[in-house]
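The values are calculated or read from the model by the stated rules, or taken from the named source; none is laboratory data. What you see is a predicted model; the values in this text were computed from it and never measured. Every residue, glycine among them, receives a Cβ derived from its backbone with ideal geometry; neighbour counts consider all protein chains shown. Side chains are part of the model used for accessible areas, which takes the heavy atoms of the whole protein and leaves out ligands, DNA and RNA. Shrake-Rupley method; radii C 1.70, N 1.55, O 1.52, S 1.80 Å.
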Amino acid sequence: SAPAMHWNGKVAPLAGYTARGFLWYQGESNQNDSEALFVRQFRILVDAWRAAWGDNSMPWISVELASYGYGKDWGKVRAAQVLAAGSVDNSYIVCASDTGEKTDIHPADKGPISERLERIAMRRVYGAKDVADMSPEFSGAEFKKGGALVKFGPFGGKLEGRGEPRGFELKIGGKWVEAKPEIKGGSSVWAASPDGAAKPEGVRYLWKSWAKPDAWLYTSDGLPAFGFSKE
């Protein structure tokens, strides 16, 4: 009954009002859902809103969960959000893991999120080709002796680090340990093993609920990279 209650009380009365698209900043009550369920529900949500407005291609721009000190496996939730956004046509997502407040689930620092939403809307909806809007997403990793070479997909500008290199972890001998990241070639990161010799079995970045202090990787246009985990 809860979904119907929220729909009838909040969305249905607005259906049909003039709108160019939707900005979706969700909560976290479904943090325990599986990735498959999350994606399925997201697709149903988008389809339902678009149907109510009579246009099945209206732009949909969502926001990943910000950082929070008491979340449960929010690295996984954010990954599901990115996957869900990519599973729908004309759908985009804003990276927000470098924002948030450790003890407040309703953080006040929404300025950066608003600006990132604006960037995507201006470029993808209103055609401003000179606006950089996409955060880097993980596109692959090569595990070698001494570390992992992490590659990121298409985005504007080049990768840059902010402050002390941090945020990356390697799985070595079945345990996750802190890596030493270094940007390579503008679109890749070399995550070095602590001893400089071990070959890792996995690599991840910002794979935690409270990720804000470890956010390090950005584009030269100021957009943060999405977290990920690869084994």
Which value, in Å³ per residue, describes the convex hull spanned by the Cα atoms of region 168-231? 91 Å³
Total charge dipole magnitude, region 153-223, about the Cα centre, Cβ charges on Lys, Arg, Asp, Glu only, Debye to nearest 20: 140 debye
Region 75-231, dipole about Cα centre (Lys/Arg Cβ +1, Asp/Glu Cβ -1), debye to the nearest 20: 380 debye
Tell me, what ³J(HN,Hα) does each residue in region 55-72 have, in order and in whole Hz, if you take phi through Karplus 6.51 cos²θ - 1.76 cosθ + 1.60 with θ = phi - 60° and put x for Gly and Pro? 8, 7, 10, 4, x, 10, 10, 10, 10, 6, 5, 6, 6, 7, x, 10, x, 10
For region 118-231, go through all pairs of different Cα atoms, get the mean of 1/r, take its inverse, and jot down that Kirkwood value in Å. 14.6 Å
Phi-based couplings in Hz for region 13-22 (Karplus 6.51, -1.76, 1.60; Gly and Pro marked x): x, 9, 4, x, 4, 4, 8, 8, x, 10
Probe of 1.4 angstrom, ligands and nucleic acids ignored: what's the accessible area per residue over the chain, in square angstrom? 51 Å²
Would you mind telling me the antiparallel percentage of the DSSP bridges in region 1-143, rounded to 5? 10 percent
Highest average packing first - 162-173, 47-58, 9-20, 220-231, Cβ atoms within 10 Å: 220-231, 162-173, 47-58, 9-20
Rank ASP214, ASP130 by accessible area, highest first, at a 1.4 Å probe radius? ASP130, ASP214
Apportionment of accessible area to carbon and sulfur, region 11-82, percent (1.4 Å): 51 percent
Which percent of Cα pairs goes in each bin when the distances of region 77-185 are cut into 5 angstrom slices starting at zero? 2, 9, 14, 19, 20, 17, 11, 5, 2, 0
For the chain, state what percent of all Cα-Cα pairs lands in each successive 10 Å bin, counting from 0 Å until the bin that includes the largest distance. 8, 30, 35, 19, 7, 1, 0
Run the simple label-point estimate for GLU115 and ASP89 please: 7 Å along Cα→C-beta, distance reported in nm. 3.4 nm
